[in-house]
Every structure is written in structure tokens, then in C-alpha cells.
Amino acid sequence: MKASALAPANIAFIKYWGRLDHDLFLPLSTTNSMNLSACLAHTTVEFSSSFAQDEIVVRDSSGSEKRLLADDGEKSSGLFCTLDRARQLSEIDLKARAYSTLTFPISAGIASSAAGLCAFVAASFSALGLSQKVDDREELSREVRLSGSVSAARSTHDGFTEHLFGENHQQAVTRQILSANGWDLVDIVAVVSSSEKKISSALGHRLADTSPLMEGRKRYLPDKAEQLREALLQRDFDTLSLLSEQDTLNMHAVMMTSRPSALYFQPGTIELIHAVKSWREDGVPVFFTIDAGPNVHVIAPQASASEVSKRLKSCASVEFVLENTVGDGVRIIDEHLF
Ligand code: DP6
């Protein structure tokens with residue numbers, strides 16, 4: 001009983017930070033994002049009577065492998081809970097082995113958990129014959145959210161997606177806004193540091209309410225996702241830029257002022273924020289957005305991709321770039337990793 005899945009990371013425009021419910025991972029508002037074509041997790045899960053215990057191994061882009069334990073943190077425990085949930089729903093009580101490879105650094109603000117959790121849930125459910133829950137993408141998005149992350153739940157659909165605000169498990173689902181070829185944008189991720197962040201997102205979501213700025217974020221959020229959705233539907237790059245940069249800085253203001261402070265920016269992050277703004281003043285259509293890490297996602301129309309990439313590579317703080325077009329959502333695939 002073995003299955004494999006391929007899932008993309010995504011970059012959020014209106015971002016998920018803090019939660020309405022920490023057990024069901026319900027978000028405070030609707031959030032939206034674009035899937036990344038080149039930042040992928042490929043996961044194989046097998047259930048067998050010959051396994052004595054669950055075993056999960058993850059390999060990142062540097063080739064280093066890590067065996068996860070259930071008490072490694074919320075994201076790891078979410079993976080083990082997913083195996084339990086798949087066993088409970090299928091009534092098949094077998095232990096599992098899972099191997100996951102990622103094409104990009106882990107825990108550096110490039111949504112490794114989004115790609116990783118999404119591929120893991122799809123492969124686990126598929127391996128135990130729960131295919132109807134995988135084929136129904138809205139239902140899959142609920143299951144992925146339950147495994148630990150709203151951002152992972154946005155990787156279930158192709159292209160540009162949104163995970164809707166909901167007061168309960170049923171209402172909080174992912175919908176597609178535009179297909180992957182609906183708008184030719186690129187996300188060039190400028191990596192200024194590949195080290196693991198000191199405050200995990202799992203902890204950060206719980207700290208959000210300790211920031212005195214969080215009340216302001218909650219008042220500002222409600223119509224933002226709707227405005228952003230409209231900008232995507234109209235292919236209105238200026239409004240997309242304005243709303244995305246504003247939301248990045250709004251979220252990071254909350255992060256920095258939580259107790260303890262989750263300060264993800266590094267000197268290179270600030271250098272790139274200024275650089276992107278000055279390139280825009282030169283007439284290059286481009287904007288920045290930053291998730292929970294120091295690395296800067298630089299979004300531009302496909303026509304400006306090579307110019308933006310060239311400029312990024314000339315910045316002193318950029319270690320390397322990851323170039324993405326708009327990607328598809330999760331897929332079940334035949335290539336098994338073991
Ligand atoms: C800041 O719980 O999705 O990226 O992917 O491990 O960082 P990681 O965790 P997750 O929280 C991060 C949320 C965000 C914004 C977003 O993707 O909406």
C-alpha cells in the first residue's frame with residue numbers, strides 16, 4: 001500500500017499569521033497565494049504489516065537527511081497525526097514509512113511546510129485507498145489544514161488560490177482564483193540565508209496575539225483578501241504590488257512586536273526591500289513579499305523575469321535565487337522514492 005505525491009510551495013499575498021482556533025488550524029481571515037513551479041516536495045508513503053513503527057525521513061536541497069520524531073514540534077507531530085487520521089478513516093491499522101525530498105531549503109520562509117504537508121497528506125490518504133478525499137480538492141484542503149497549516153491547504157489547487165475564512169472546519173476550504181496559466185507572473189526567491197529560523201511559524205502563530213499591533217491587523221484584514229482577489233482577476237499588477245507589500249510589512253510588524261519578538265528580517269532582507277523599491281522607481285514592474293523567514297520573494301511579470309533575476313544576482317547579500325513561474329497544485333504521481 002504505497003503512494004507518492006508532488007506538491008508545490010506557495011507564496012502568500014494576504015498572509016496567514018495567528019489563528020482563530022489552534023486545534024483546527026482555523027485562520028483569522030481569508031488568505032491567498034500563488035503556487036511555485038520549482039519549489040516542490042516529492043513524498044512517498046507506504047503502509048505495511050512488516051513495519052514495527054512509523055518512520056518519516058525528510059531530505060532537503062542540500063542532500064541532508066533528517067529522521068523526524070513526533071515530538072520534534074508542531075509540524076512533525078502533524079505528520080504523525082496525519083498517519084493516525086488516515087488509519088482511523090480507512091480502518092487499516094498498519095505502520096508507515098515515508099520519505100520526502102524537497103528542492104529548496106527547509107524552514108527559511110519558503111513554505112517548506114506548505115509543500116511538505118500537502119504532499120504528505122495526499123500520499124498517505126492515497127496509499128490507504130482514501131482516494132475520494134484526495135480527488136475532492138476542497139475536502140483535501142480541509143484535511144491538509146488539519147495536518148497543521150493553512151498555507152499548506154492552499155497548495156491543493158492549481159495556480160492562484162485562496163483559503164477562505166471559516167468559523168468551523170467545514171467552512172474553511174481552499175478555492176482556486178486563477179489557473180496556473182491565468183497570469184504570467186514569476187516569483188524569484190532571493191535567498192539571503194538558508195539557516196533554520198529561530199522562532200518556528202508554529203510558535204509564531206501562538207505568539208501573534210501577544211503583539212499590541214495584532215488588534216490593528218485584525219481590523220485591517222477583513223476586506224484585504226477580497227481586494228487582492230479582484231486585483232488577480234483584473235491582472236492589476238499595481239494593486240497586487242501595493243496590497244502585497246503592505247501586508248508583508250503589516251504581518252512583520254506584528255511578528256517583530258510579539259513577545260518574544262519573532263524578528264525574521266536579516267540585513268540582506270532590508271537591502272533587497274530597498275533595492276526592489278528603487279528598481280520600481282526605474283520603471284521595472286516588480287514587488288517584494290516575505291513569509292516567515294529572511295528570504296525575499298520578488299514578483300514580476302514574466303516579461304521582466306530575466307532583468308529582475310540579473311539585478312538580484314548582482315546584490316551582495318543574495319546567496320542564490322530560485323526562479324519560479326506559477327505552479328500547479330498537488331498531484332498523485334507514479335514515481336516512488338523507495
Ligand atoms: C508567514 O504555518 O504555513 O508563510 O510554512 O513552516 O513557515 P511555515 O508555516 P505556516 O506559517 C507561515 C505563514 C506565512 C504566511 C502564509 O503563507 O500565509
Subtracting the Cα-Cα distance of LEU20 and SER62 from 0.36 nm times their residue separation yields 11.5 nm
Once phi for every residue in region 208-219 is put through the Karplus expression 6.51 cos²θ - 1.76 cosθ + 1.60 (θ = phi - 60°), the whole-Hz ³J(HN,Hα) values, with Gly and Pro written as x, are 3, 5, 7, 7, x, 8, 5, 4, x, 4, 5, 6
Restricting to lysines and to Cα separations under 26 Å from LYS313, and discarding same-chain partners fewer than 8 apart, the set is LYS197, LYS277
One finds the C-alpha centres of region 153-171 and region 260-338 to be spaced, in Å, by 24
A correct Karplus calculation of ³J(HN,Hα) over region 175-184, with 6.51 cos²θ - 1.76 cosθ + 1.60, θ = phi - 60°, whole Hz and x for Gly and Pro, returns 10, 7, 9, 9, 6, 4, 9, x, 7, 7
By the Cα gyration tensor axes a ≥ b ≥ c (a/c under 1.5 gives rounded; else a/b larger than b/c gives prolate, otherwise oblate), the shape of region 203-338 is rounded
Protection proxy (average C-beta count within 10 Å per residue), highest first, orders 117-127, 248-258 as 117-127, 248-258
Relative to the chain, whose Cα atoms define the longest principal axis, helix 74-90 and its Cα axis are tilted in degrees, nearest 10, by 40
Between ASP223 and LEU203, the FRET efficiency computed from the C-beta separation at R0 = 30 Å comes out, to the nearest 0.05, as 0.55
In terms of the alpha carbon gyration tensor, root eigenvalues a ≥ b ≥ c, rounded if a/c is under 1.5 and otherwise prolate when a/b exceeds b/c or oblate, region 76-217 is rounded
Summing -39500 (n - 2.57) over every DSSP H run of at least 4 residues in the chain and dividing by its residue count gives a helix-only mean residue ellipticity at 222 nm, to the nearest 500 deg cm²/dmol, of -10500 deg cm²/dmol
Links exceeding 23 Å between C-alpha atoms in this model, out of LYS15/LYS198; LYS75/LYS133; LYS66/LYS310, come to LYS66/LYS310
Output ordering of 285-295, 85-95 (per-residue mean of other Cβ within 10 Å, highest first) is 285-295, 85-95
Helix 224-233: inclination vs the chain longest Cα principal axis, degrees, rounded to 10, gives 80
In nm, the gap between the two label points placed 7 Å beyond Cα toward Cβ at LEU242 and GLU196 is 4.2
Between SER50 and GLN170, the FRET efficiency computed from the C-beta separation at R0 = 35 Å comes out, to the nearest 0.05, as 0.40
For LYS2, the aspartates and glutamates lying under 12 Å Cα to Cα, once residues fewer than eight places off in the same chain are dropped, come out as GLU46, ASP334, GLU335
Per the rule of 0.36 nm per residue minus the C-alpha distance, extending LEU263 to ARG235 adds in nm 6.8 nm
Taking Cα atoms only, helix 267-281 is inclined relative to the longest principal axis of the chain by an angle, in degrees rounded to 10, of 60
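The numbers here are math on the coordinates, done by the rules we state, and not lab data. The shown structure was predicted, so the numbers you read here are calculated from the model rather than taken from an experiment. Every residue, glycine as well, gets a Cβ built from its backbone with ideal geometry; the counts of neighbours run over all protein chains shown.
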